[in-house]
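Visitor: Structure in structure tokens, see below.
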Amino acid sequence: MELLDVTVDAREIEKTFLNTPSGQGDIWVFGDHTSNCIVFDLFRDPTDQMDTIEFGVVCSNKMYDRMYELFWKMYKEIDKKIKFSAYDINTTTWEQAVINGEDVLEYFNYRDKTLAAQKIRYIK
């Protein structure tokens, strides 16, 4: 957060996530969505047995190496191993929508073969 000059209330994120019904949840963006932000996908996937929150960072190229190093250190220190990937606009569904400043992310839900939507909340 310090590197991106962003403040996040982790307790509020956790409380919101845990009070969100299964199969729902918004995307929260903290910071400047075009260059330096932290993104939390608070969708509660009914098939996620670990009940994890997907999150990532959008950052400038000059910050990429430092961010990668910080995420890798965090990944190595956690008890339960979860998916870790470097910033790639094609790996998750929200990156391009956030960078474009869209208010809603629409995507195809492969599980039930429907069009799904999530609100994107930009928090300064």
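Visitor: Would you kindly state how much longer the chain becomes between Asp48 and Met63 on full extension, computed as 0.36 nm times their sequence separation minus their alpha carbon distance, in nm to one decimal?
Guide: Full extension from Asp48 to Met63 adds 2.3 nm.
Visitor: Once you place label points 7 Å from the Cα toward the Cβ at Tyr75 and Lys15, how far apart are they in nm?
Guide: Between Tyr75 and Lys15, the label points sit 3.2 nm apart.
Visitor: Picking from Asn36, Asn100, Asn109, which is most flexible by a Gaussian network model of the chain using Cα springs under 10 Å?
Guide: Greatest mean-square fluctuation among the candidates belongs to Asn109.
Visitor: Percentage of Cα-Cα pair distances in the chain greater than 20 Å, rounded to whole percent?
Guide: 45 percent
Visitor: Springs between alpha-carbon atoms under 10 Å, Gaussian network over the chain: tell me which of Val104, Val29, Val57 tops the mean-square fluctuations.
Guide: Val104
Visitor: Using a Cα distance threshold of under 26 Å, what count of lysine pairs results for the chain when pairs must be 8 or more residues apart or interchain?
Guide: Lysine pair count for the chain: 15.
Visitor: Here's something else I'd like to know. Which of Asp26, Asp51, Asp41 moves the most in a Gaussian network model of the chain with Cα springs under 10 Å?
Guide: Per the Cα network of the chain with a 10 Å cutoff, Asp51 tops the list.
Visitor: Keeping the other protein chains in place, figure out the carbon and sulfur percent of the accessible area of the chain, with a 1.4 Å probe.
Guide: The nonpolar share, carbon plus sulfur, comes to 50 percent.
Visitor: Suppose only helical runs count, i.e. DSSP H with n ≥ 4. What mean residue ellipticity at 222 nm does that imply for the chain under -39500 (n - 2.57) per run, divided by all residues and rounded to the nearest 500 deg cm²/dmol?
Guide: So the helix-based figure for the chain works out to -6500 deg cm²/dmol.
Visitor: In Å², and per residue, what accessible area does the chain have when probed at 1.4 Å with the other protein chains present?
Guide: About 68 Å² of surface per residue is accessible.
Visitor: So how tilted is helix 64-77 from the main axis of the chain? Cα-based, degrees 0 to 90, rounded to 10.
Guide: Taking Cα atoms only, the helix is inclined about 70 degrees.
Visitor: Still on this structure, please answer the following. Does a label point 7 Å from the Cα of Asn109, set along Cα-to-beta-carbon, have any residues of region 8-33 with amide nitrogen under 17 Å, and which are they?
Guide: Within reach of a label on Asn109, which here means backbone N under 17 Å from a point 7 Å along Cα→Cβ, region 8-33 contributes 20-27.
The values are calculated or read from the model by the stated rules, or taken from the named source; none is laboratory data. Since the structure is predicted, the reported quantities are computational estimates derived from the model, not experimental observations. No Cβ is skipped: glycine too gets one built from the backbone with ideal geometry, and neighbour counts run over all protein chains shown. Quick note on the areas: whole protein, heavy atoms, side chains included, nothing else; ligands and nucleic acids left out. Shrake-Rupley method; radii C 1.70, N 1.55, O 1.52, S 1.80 Å.
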